[in-house]
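I have placed the structure first, in the form of structure tokens, so that the comments after it can refer back to it.
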Amino acid sequence: MPPKTSVHGTWSTRWAFILAATGSAVGLGNIWKFPYITGENGGGAFVLVYLFCIALIGIPIMMSEIMLGRRGRQSPVNTMHTLAIESGHHPAWKYLGIMGVLAGFLILSYYSVIAGWALEYLTKASSGDFAGQTPDGIKTLFSNFIDDPKHLLLWHTIFMVMTFIVVARGVRGGLEVAVKFLMPALLVLLIILVGYSMNTNGFGEAVEYLFKPDFSSLGWGSVLTAMGHAFFTLSLGMGAIMVYGSYLPKDASISKTTFTIAAADTGVALLAGLAIFPLVIANNLEAGSGPGLIFVTLPLAFGQMPYGTLFGSLFFLLLSFAAWTSAISLLEPAVTWLVENKNMKRVTATMTAGITTWAVGILTVFSFQDGSPIKFPFNFVGEKKENGIFDLLDILTANIMLPVGGILIAVFAGWIMSREASRDELEMGEGNAYKTWRVLTRFIAPALVCIVILQLFGLLDPIFALFAPIIDLFSK
Ligand code: PFF
């Protein structure tokens, strides 16, 4: 039998959970990653696939993950173990939890390095470094910075220490308060930035770029990236939302909560896109320039706008906070597992998990320099570039581990858990809402993820060939 409440604590209210889960979801993924992968994958069609994935895969899986967490009330590893036994299945389901803990480690290792960029840019913005800079000047500022591993390592270390401190004190203490004020502030600032971008001459073209799909340029590699990003941005597939769900009071509605989180997360990503692409277009920058995109476009805007130093500092401050509240949730599954299974105190568990992640992060620190020794000569699907350790970790976690973890969560919630159990837990009755969730979770979400993954290896080519005449008919 799972425990009635988690030994690690409970959120004070449903809102506390919504804020914490939104804090986990809204992070670098929305503001840093979404714009640059949209630029790398050609805009509109990619955005549309991403939105589909949020609706058809992300939302049902988020409901499933919260539900499993609240029912199991332990670390993802023990939650899966207990729930599998409870429903008469093999305890090997706990390996799903273990994969999640591992994915969390790997993601946090590079996430922290990029969060370090945000911290560095906070100092640059507040010392007025962007004022009056040309696009080339800003690009040089960025490339000099990422060429300097010592500097990157310093910020990575500072960010990891910040993450330790909150996690060691228990998620509830610091996190609830931080998220309550900072998330709304970030939203306001993004809206101000969109307002600024609306007045540049690139706005109309940017809206078209983001929302007018051109499917001719969309390969399966891009579809996988869009799907992987739906998992990444909603923090799904690795147990982060499951642990947060394990602290959720019994009387909170899982479906309403999920919609609120998904809407906030998607809204922030789209606002970030609307703030950034007009600047890219107006300044003739390269949309597909990769992970440095926001660190080049936004400083340009801050350098030109009135009160740019103030807005720039606030923006990078809030971005750092958004990254912080996400990083905490990346570490939490590992910490709860160490506390439960290795009998560690919370502080020791946090140190153990944190130091390991920090050490793995050093690999990412060394992967951005020109001529960096750590390069992989092989190409991933649809890519023609040399991959550094950062690309490798990103693809492995976001595009493979999270979707695979997500499918398994869906399979567990839809097929292993009894209908009665999921209906009770979701409290939606037997109405259409529950039926839709169940169909999406049992069939649609797993099938879509499988299709994308199989097609990456061209395994579905014969089937698509059968449909080719119909597809041709529609594309005429
Ligand atoms: N959702 C976070 C973001 O968009 O920045 C990243 C993340 C947090 C991914 C927690 C996965 C996770 F479990």
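Please indicate, with yes or no, whether at least one residue in the stretch 47-54 is of a type in the set (Ser, Thr, Tyr), assigned to a helix (DSSP H, G or I), within 16 Å of the ligand (Cβ to nearest atom) and under 30 Å from Ile146 (Cβ atoms). Don't jump to the end; show me each part of the working.
Looking only at the stretch 47-54, we keep the residues that are of a type in the set (Ser, Thr, Tyr), and these are 50.
Filter again for assigned to a helix (DSSP H, G or I), leaving 50.
Applying the additional criterion that residues be within 16 Å of the ligand (Cβ to nearest atom) yields 50.
Next, only the ones that are under 30 Å from Ile146 (Cβ atoms) stay: 50.
Taking every residue of the stretch 47-54 in turn, at least one turns out to be of a type in the set (Ser, Thr, Tyr), assigned to a helix (DSSP H, G or I), within 16 Å of the ligand (Cβ to nearest atom) and under 30 Å from Ile146 (Cβ atoms).
Out of the residues in the stretch 305-336 that are over 20 Å from Glu120 (Cα atoms) and more than 14 Å from the ligand (Cβ to nearest atom), which is surrounded by the most Cβ atoms within 10 Å (Cβ to Cβ)?
Met305
Does at least one position in the stretch 357-377 carry a residue that is at pLDDT below 90, among the aliphatic types (A, V, I, L, M) and within 25 Å of Leu236 (Cα to Cα)?
Looking through the stretch 357-377, none of the residues is at pLDDT below 90, among the aliphatic types (A, V, I, L, M) and within 25 Å of Leu236 (Cα to Cα).
Which members of the stretch 34-45 meet the condition of being crowded, with 24+ Cβ neighbours inside 10 Å and either within 16 Å of the ligand (Cβ to nearest atom) or among the aromatic types (Phe, Trp, Tyr) (or both)?
Result: Phe34, Pro35, Ile37, Thr38.
Among the listed residues Val223, Val243, Val207, which satisfies the condition of being within 16 Å of the ligand (Cβ to nearest atom), of a type in the set (A, V, I, L, M, F, W, C), in contact (Cβ under 8 Å) with a residue 40 or more places away in the chain and under 27 Å from Thr260 (Cα atoms)?
Details: Val223 fails: within 16 Å of the ligand (Cβ to nearest atom); Val207 fails: within 16 Å of the ligand (Cβ to nearest atom).
None of the other options fit; the residue is Val243.
Looking for whichever is among the aliphatic types (A, V, I, L, M), without any contact (Cβ under 8 Å) to a residue 60 or more places away in the chain and either surrounded by 14 or more Cβ atoms within 10 Å (Cβ to Cβ) or touching a Cys at 6+ places or on another chain (Cβ under 9 Å) (or both) here; the options are Ile451, Ile470, Ile463, Ile444. Which one fits? Walk me through it before giving the result.
On the way: Ile470 fails: either surrounded by 14 or more Cβ atoms within 10 Å (Cβ to Cβ) or touching a Cys at 6+ places or on another chain (Cβ under 9 Å) (or both); Ile463 fails: either surrounded by 14 or more Cβ atoms within 10 Å (Cβ to Cβ) or touching a Cys at 6+ places or on another chain (Cβ under 9 Å) (or both); Ile444 fails: without any contact (Cβ under 8 Å) to a residue 60 or more places away in the chain.
Criteria check complete, one pass: Ile451.
Hey, Phe164 hits all of (1) over 24 Å from Val339 (Cα atoms); (2) more than 16 Å from the ligand (Cβ to nearest atom) but one; which does it fall short on?
It is condition (1) that Phe164 fails.
Is it the case that some residue within the stretch 204-213 is on the phi > 0 side of the Ramachandran plot and outside any helix (DSSP H, G or I)?
Looking for residues that are on the phi > 0 side of the Ramachandran plot and outside any helix (DSSP H, G or I), one finds none in the stretch 204-213, hence no.
Are any of the residues in the stretch 148-157 in contact with a Ser or Thr (Cβ under 6 Å, 6 or more places away or on another chain) and touching a residue at least 40 places away in the same chain (Cβ under 8 Å)? Talk me through it step by step, then tell me what you get.
Residues of the stretch 148-157 that are in contact with a Ser or Thr (Cβ under 6 Å, 6 or more places away or on another chain), as a first pass: 156.
Subsequent filtering for residues that are touching a residue at least 40 places away in the same chain (Cβ under 8 Å) retains 156.
Yes; the residues of the stretch 148-157 include at least one that is in contact with a Ser or Thr (Cβ under 6 Å, 6 or more places away or on another chain) and touching a residue at least 40 places away in the same chain (Cβ under 8 Å).
For the subset of the stretch 248-295 comprising residues that are of a type in the set (Ser, Thr, Tyr) and closer than 24 Å to Leu187 by Cβ, which member is farthest from the ligand (Cβ to nearest atom)? Steps first, please.
Within the stretch 248-295, the subset of a type in the set (Ser, Thr, Tyr) is 253, 255, 257-258, 260, 266, 289.
Subsequent filtering for residues that are closer than 24 Å to Leu187 by Cβ retains 253, 255, 257-258, 260, 266.
On the way: Ser253: 22, Ser255: 20, Thr257: 16, Thr258: 14, Thr260: 15, Thr266: 11 Å.
Within the stretch 248-295, the match that is farthest from the ligand (Cβ to nearest atom) is Ser253.
From the list Leu182, Leu236, Leu186, exactly one residue is within 16 Å of the ligand (Cβ to nearest atom), part of a loop (DSSP other than H, G, I, E, B) and within 30 Å of Leu106 (Cβ to Cβ). Which is it?
Answer to the check: Leu236.
Does the stretch 337-355 hold any residues that are crowded, with 17+ Cβ neighbours inside 10 Å and assigned to a loop (DSSP other than H, G, I, E, B), and which are they?
Selection gives Met344 alone.
Report yes if some residue within the stretch 191-209 is at pLDDT below 95 and closer than 26 Å to Ile107 by Cα; otherwise report no.
For the stretch 191-209, residues at pLDDT below 95 and closer than 26 Å to Ile107 by Cα: absent.
Pairs needed: first member in the stretch 93-107, closer than 11 Å to Gly405 by Cβ and more than 12 Å from the ligand (Cβ to nearest atom); second member anywhere, small (Gly, Ala, Ser) and not in a helix (DSSP H, G or I); C-beta distance under 6 Å; at least 6 residues apart or different chains.
Gly97/Gly239
What number of residues within the stretch 9-31 are out of contact with any helix residue (DSSP H, G or I) (no Cβ under 6 Å at 6 or more places or on another chain) and either within 16 Å of the ligand (Cβ to nearest atom) or touching a residue at least 12 places away in the same chain (Cβ under 8 Å) (or both)?
Of the residues in the stretch 9-31, 5 are out of contact with any helix residue (DSSP H, G or I) (no Cβ under 6 Å at 6 or more places or on another chain) and either within 16 Å of the ligand (Cβ to nearest atom) or touching a residue at least 12 places away in the same chain (Cβ under 8 Å) (or both).
Inside the stretch 356-371, can you point out the residues that are assigned to a helix (DSSP H, G or I) and buried (at least 16 other Cβ atoms within 10 Å of the Cβ)?
If the condition is that a residue be assigned to a helix (DSSP H, G or I) and buried (at least 16 other Cβ atoms within 10 Å of the Cβ), then Thr357, Trp358, Val360, Gly361, Ile362, Leu363, Thr364, Val365 are the ones that fit.
Quick one: count up the residues across the stretch 427-438 that are over 12 Å from Ser64 (Cα atoms), surrounded by 13 or more Cβ atoms within 10 Å (Cβ to Cβ) and of a type in the set (A, V, I, L, M, F, W, C).
Residues in the stretch 427-438 being over 12 Å from Ser64 (Cα atoms), surrounded by 13 or more Cβ atoms within 10 Å (Cβ to Cβ) and of a type in the set (A, V, I, L, M, F, W, C): 1 in total.
In this structure, does Gly88 turn out to be free of Cβ contacts under 8 Å to residues at least 60 places away in the same chain, more than 15 Å from the ligand (Cβ to nearest atom) and surrounded by fewer than 24 Cβ atoms within 10 Å (Cβ to Cβ)?
Working: free of Cβ contacts under 8 Å to residues at least 60 places away in the same chain: yes; more than 15 Å from the ligand (Cβ to nearest atom): yes; surrounded by fewer than 24 Cβ atoms within 10 Å (Cβ to Cβ): yes.
Spelling it out, Gly88 is indeed free of Cβ contacts under 8 Å to residues at least 60 places away in the same chain, more than 15 Å from the ligand (Cβ to nearest atom) and surrounded by fewer than 24 Cβ atoms within 10 Å (Cβ to Cβ).
Within the group Ala125, Ala92, Ala84, Ala115, which residue is touching a Leu at 6+ places or on another chain (Cβ under 8 Å), among the small types (Gly, Ala, Ser) and assigned to a helix (DSSP H, G or I)?
Ala115
The values are calculated or read from the model by the stated rules, or taken from the named source; none is laboratory data. Remember, predicted model here, so these are calculated numbers, not experimental data. Because the Cβ atoms are built from the backbone with ideal geometry, glycine has one as well, and the counts that use them run over all protein chains shown.
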